[in-house]
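Quick notes on the structure that follows.
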2 protein chains.
Amino acid sequence: MQNDLVAALDIGGTKIAGALVDSDGRILVRAQRPTPAQEDGETVMRAVSEVVGELTASPLWARAGALGIGSAGPVDASAGTVSPVNVPGWRDFPLVERVRAAAGGLPVELVGDGVAIAAAEHWQGAARGHDNALCMVVSTGVGGGLVLGGSLYSGPTGNAGHIGHISVQLDGDPCPCGARGCVERIASGPNIARRALESGWRPGPDGDTSAAAVAEAARAGDPVALASFERAAQALAAGIAATATLVEIDIAVIGGGVAKSGDVLFAPLRRALRDYATLSFVQQLTVVPALMGTDAGLVGAAAAALGSRAGAAAAGVGG
Amino acid sequence: MQNDLVAALDIGGTKIAGALVDSDGRILVRAQRPTPAQEDGETVMRAVSEVVGELTASPLWARAGALGIGSAGPVDASAGTVSPVNVPGWRDFPLVERVRAAAGGLPVELVGDGVAIAAAEHWQGAARGHDNALCMVVSTGVGGGLVLGGSLYSGPTGNAGHIGHISVQLDGDPCPCGARGCVERIASGPNIARRALESGWRPGPDGDTSAAAVAEAARAGDPVALASFERAAQALAAGIAATATLVEIDIAVIGGGVAKSGDVLFAPLRRALRDYATLSFVQQLTVVPALMGTDAGLVGAAAAALGSRAGAAAAGVGG
């Protein structure tokens with residue numbers, strides 16, 4: 001039987017999702033468990049095994065030729081291990097080996113979750129047709145992944161594109177990562193909300209102090225709310241411009257909860273990009289909202305597995 | 001006859017150098033002209049043609065299979081044009097076409113000068129054996145180039161690695177490029193000297209106000225001179241850490257006049273790198289002085305030509 005499908009796992013701090021995906025990116029079979037994120041490592045692994053077990057029980061499983069994993073980071077693709085910040089029970093956890101065993105020896109490809117999102121947007125979403133792209137998620141954190149020269153660029157350990165933790169303000173506020181002035185420290189949803197509150201913005205009667213509530217206030221013209229989004233946009237623009245200046249991307253795709261703010265974010269972001277993307281070869285850089293929905297992680301993990309099979313086939317070692 | 005040599009051109013604002021280089025990176029034939037940088041474009045091209053003419057007149061010319069150009073930027077490798085900031089007579093100048101004609105139709109590979117330096121350090125210098133490296137020049141300006149996945153990464157227009165113009169201080173001083181707080185605006189030689197002078201440092205009896213003089217004062221313990229180098233080191237560290245966080249380099253190589261300051265630069269740089277390169281996959285990042293001398297541009301242009309021939313051969317189109 002032809003191996004025309006791939007299996008995919010999307011492992012985050014909240015849920016573990018699995019799927020069988022065809023070569024057009026369609027999800028044919030799904031499985032999901034909540035992540036027992038505060039439990040010991042074996043308990044977390046049991047949830048993963050249950051998801052994989054549901055997939056292997058499908059009559060379509062025999063058609064799966066590879067398995068892709070997109071995992072919360074940091075990951076170490078070269079060692080096959082993961083150490084997700086939000087899953088303390090997993091430190092250098094040998095996820096690739098364990099999943100391979102659960103999946104009957106299928107080839108397994110591991111990438112970070114930002115890389116998986118980039119794979120999905122490049123394959124099916126807003127970066128389709130672009131050979132050089134940065135795809136980001138701006139949400140509770142800020143993550144990303146890169147497409148370079150037409151292919152996903154995950155780097156030797158699967159972590160490339162970690163734009164949330166580049167410093168764009170070297171004298172800026174301390175970031176939990178240990179550095180200062182990181183893009184995430186300025187532009188994540190919680191930091192947008194914190195800055196608005198610190199500058200005197202007050203929530204409405206519902207008491208909602210999320211970035212979404214700040215966005216609503218900004219849309220209504222609240223100057224403090226607008227200023228907080230402007231500042232986030234400036235940090236994102238400096239980070240995106242730095243990426244373009246270093247590796248010549250021509251499009252930045254932004255998804256995640258904060259991107260749902262629409263023009264409250266994108267209008268100042270496009271203005272700020274003109275201030276920071278100044279060299280001739282980056283002036284055409286555009287920034288657009290993501291197109292993939294909540295399945296981006298699964299579709300991207302599938303794309304990573306398919307890409308790795310394509311690479312293997314090109315090298316004459318494919319099956 | 002075997003095409004076992006390549007021709008190389010290193011085009012800067014001061015000189016135009018040419019060479020025939022063997023497959024071990026040895027320079028067998030040299031030619032050089034001053035760059036008539038303030039003259040019209042055809043006058044500058046005439047100097048290039050004279051250099052190429054000296055090379056084609058060599059009995060070894062028949063063994064040259066390709067020609068590499070490393071040029072002051074910005075370049076546009078996809079269009080084959082250059083627009084060096086310091087050569088106003090060349091704006092979108094069709095250098096590749098003109099050099100190809102002067103070189104009897106040889107295949108020509110164009111890269112930016114920072115990319116050429118990276119090619120040289122990867123082939124023969126401090127980045128040899130490293131699959132993922134950033135190579136920089138810190139001098140009057142700050143430039144760079146990248147090696148990713150074992151190969152030179154020049155980007156679609158040949159400008160990748162432009163670390164001098166990423167912003168590491170988004171509220172920082174205006175940079176001539178139009179942005180603010182660029183690495184070059186903080187860490188170049190002239191900016192190290194300017195900052196020292198503005199903070200009260202005074203030159204010795206010889207009146208030398210260069211960065212080298214500031215370095216000498218720093219070595220003698222002058223606190224203002226030390227502080228100016230510390231600040232430059234911080235900006236370089238933030239830029240290098242950003243690059244590593246985005247594309248997973250494991251070594252940064254620094255050459256150019258400011259790097260000759262030795263520990264005055266490298267000691268605070270290594271300290272600052274620990275502050276900014278915080279994620280697990282970049283903590284092993286090392287920073288070392290460049291090994292290539294003044295021939296780095298020529299050797300790197302040769303490497304770019306050889307790399308492109310190797311790529312062509314791998315794709316089955318090599319000659």
- Message: Going by amide H atoms built from the backbone, whose H comes under 5 Å of the H on residue A:160, apart from near neighbours?
- Response: A:155
- FRET efficiency for residue B:92 and residue B:2, using Cβ-Cβ distance with R0 set to 41 Å, rounded to 0.05: 0.65
- Query: Taking every residue in A:158-164, how many Cβ atoms of other protein chains lie within 10 Å of its Cβ, on average?
  - Reply: 5
- Seen from all sides and averaged, what is the projected area of the convex hull of the Cα atoms in segment A:62-110, in nm²? 3.3
- Rank by packing, highest mean first: peptides B:235-241, A:24-30, with packing defined as the count of other Cβ atoms within 10 Å averaged across residues. B:235-241, A:24-30
- Between Rg and the Kirkwood Rh of segment B:219-315, both from Cα atoms, what is the Rg to Rh ratio? 1.09
- Ratio of the Cα radius of gyration of segment A:1-98 to 2.2 N^0.38 Å, where N counts its residues: 1.07
- Rounded to the nearest 10, the angle in degrees between the Cα long axis of helix B:263-276 and the longest principal axis of the Cα atoms of chain B comes to 80
- Task: Report, in deg cm²/dmol and to the nearest 500, the calculated mean residue ellipticity at 222 nm for chain A, where each DSSP H run with n ≥ 4 adds -39500 (n - 2.57) and the sum is divided by the residue count.
- Result: -11500 deg cm²/dmol
- Note on the structure: The set of residues whose placed amide H lies less than 5 Å from the amide H of residue B:255, leaving out same-chain residues fewer than 5 positions away, is B:136, B:137, B:138, B:290
- List the lysines whose alpha-carbon lies under 22 Å from that of residue A:15, not counting same-chain residues fewer than 8 positions away? A:260
- Query: Quick one: of the DSSP bridges fully inside segment A:126-289, what percent are antiparallel, nearest 5?
  - Reply: 55
- Item | Along each principal axis, Cα extent of segment B:83-136, largest first, Å | 36, 28, 14
- Where does helix B:113-124 land angle-wise versus the long Cα axis of chain B, in degrees 0 to 90, nearest 10? 80
- Message: Once you place label points 7 Å from the Cα toward the Cβ at residue B:220 and residue B:260, how far apart are they in nm?
- Response: 1.9
- Message: I need the phi-derived Karplus couplings for segment A:144-152: 6.51 cos²θ - 1.76 cosθ + 1.60, θ = phi - 60°, integer Hz, Gly and Pro marked x.
- Response: x, x, 10, 10, 10, x, x, 10, 4
- How many percent of Cα pairs in chain B exceed 28 Å? 41
- Can you give the average number of partner chain beta-carbon atoms within 10 Å of each beta-carbon in peptide B:72-78, as a whole number? 2
- Task: Towards the positive end of the charge dipole of chain B, with charges on Cβ (+1 Lys, Arg; -1 Asp, Glu), say which of B:261, B:293, B:124 has the farthest Cα.
- Result: B:261
- Rough spin-label spacing in nm, given labels placed 7 Å along Cα→Cβ, for residue A:294 and residue A:274: 3.8
- Note on the structure: Counting only backbone N atoms under 17 Å from a point 7 Å out along Cα-to-Cβ of residue A:197, the residues of segment A:212-233 in range are A:212-218, A:224-226, A:228-229
- In degrees, nearest 10, the alpha-carbon axis of helix A:223-247 is tilted away from the dominant principal axis of the alpha carbons of chain A by 50
- Message: Largest first and in whole Å, what are the equivalent-ellipsoid semi-axes of the protein assembly as shown based on the Cα gyration tensor, each being the root of 5 times an eigenvalue?
- Response: 43, 32, 21
- In nm, to one decimal, how far is the residue A:212 label point from the residue A:14 one, both placed 7 Å along Cα→Cβ? 1.0
- Task: Please report, to one decimal in angstroms, the Kirkwood hydrodynamic radius of segment B:126-289 built from all distinct Cα-Cα pairs.
- Result: 15.9
- chain B: antiparallel DSSP beta bridges as a percent of all, rounded to 5: 60
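A short reminder: the numbers here are calculations on the coordinates, not readings from a lab. A quick note: this is a predicted structure, and the numbers were derived from the prediction, not measured. So basically every Cβ, Gly included, is an ideal-geometry build from the backbone, and we count neighbours across all protein chains shown.
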